[in-house]
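Please treat every number below as a calculation from the coordinates, not as lab data. Note that the structure is predicted; figures quoted are calculated from it, not measured. Note that we place each Cβ from the backbone using ideal geometry, even for glycine, and neighbour counts take in every protein chain shown.
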Amino acid sequence: MSGETWFNEYVDAVYSYILMLVKDSHTAEDLTQETFVKVIANEHQFKGNSSVKTWIFRIAYTTTMNHFRKKHPLIHYFDLNALRSQEHNASAEEVALLNSQQKQVYEALSQLKKSYQQVIILRNIQGFSTKETASILNWSEGKVKMCLSRALQAFKNELEKGGFSIETFIR
């Protein structure tokens, strides 16, 4: 497979991952593009020690963290309109409930420290394994497990402040 094939397969997942971190659709688009420029430029360096997806997400993570180091952004808010499902054939009431729940999740997630956001997004939203998450974040598997446990407790506390239960969102 090539960088172009990888782009087609993973661009949406990388974009949503970055968007959850930077909370701005334009910045997420720029960082996604920068990530795939790096992927294509360095595809010859992929050794197969991990899955292609894990390797690409490691590049996305590094690119995004470099952005934060350069910009030191203040508080950002999610562009909730960019996160809405476009394939939802539900009633207006169901859409309103979904949007309310979605907003609560993103607001609760944004209250957590960056390391907690990272581990929840990678493990519970993107579905990476503990080993893959450790590789992306350059952490030990033990650190991923401990951080995830603490992150989910903090996330649960944030959701409960808004009157929601974590079981509604994390399976």
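Can you sort Phe57, Phe68 by how many other beta carbons sit within 10 Å, fewest first?
Details: Phe57 26, Phe68 12.
Fewest-to-most Cβ neighbours within 10 Å comes out as Phe68, Phe57.
So how many Å³ per residue does the convex hull of the Cα atoms of region 3-71 work out to?
Convex hull of Cα atoms, per residue: 81 Å³.
Could you list, in their original order, any pairs among Lys131/Lys161; Lys53/Lys103; Lys70/Lys145; Lys23/Lys161; Lys113/Lys161; Lys47/Lys113 whose Cα atoms are separated by more than 23 Å?
Lys131/Lys161; Lys53/Lys103; Lys70/Lys145; Lys47/Lys113
How would you rank Ser16, Ser51, going from fewest to most other Cβ atoms within 10 Å of each one's own Cβ?
In order of increasing Cβ crowding within 10 Å: Ser51, Ser16.
Determine the sum of side-chain charges near Arg58: Lys and Arg each +1, Asp and Glu each -1, restricted to other residues whose C-beta is under 11 angstrom from that of Arg58.
Charge balance near Arg58 sits at +1.
Counting Lys and Arg as +1 and Asp and Glu as -1, each charge on the Cβ, what is the dipole of region 11-72 about the Cα centre in debye, to the nearest 20?
On the way: 8 positive and 6 negative charges, 65 e Å.
So the dipole magnitude of region 11-72 works out to roughly 320 debye.
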